[in-house]
Amino acid sequence: ARFGHSVKGLLTEKVTSCGTDVIALTKQLLGQAARNMVMQEDAILHSEDSLRKMAIITTHLQYQ
């Protein structure tokens, strides 16, 4: 019975450790995804700004 308790304790410890690792990895992945999303958003805003400027230039060129 004593051996069973020590195995159960070790197993519980391993499962807890594994769960902690999974949580840490998940936080890391979500953080990276959030940073990537912000970078994408900045790129999109920059592209929109460039397109707006090109549209203005095109309009001016048509009047010449």
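Bear in mind these aren't lab numbers, they're just calculated from the coordinates by the rules spelled out. Note that the coordinates shown come from a computational prediction; the quantities given were computed from them, not determined experimentally.
Projected area of the chain, taken from the Cα convex hull and averaged over every viewing direction, in nm²?
Its Cα hull, projected and averaged over all orientations, spans 4.5 nm².
Read phi for every residue in segment 40-48 and hand back ³J(HN,Hα) as whole Hz from Karplus 6.51 cos²θ - 1.76 cosθ + 1.60, θ = phi - 60°, with x for Gly and Pro.
4, 4, 4, 5, 5, 4, 5, 5, 4
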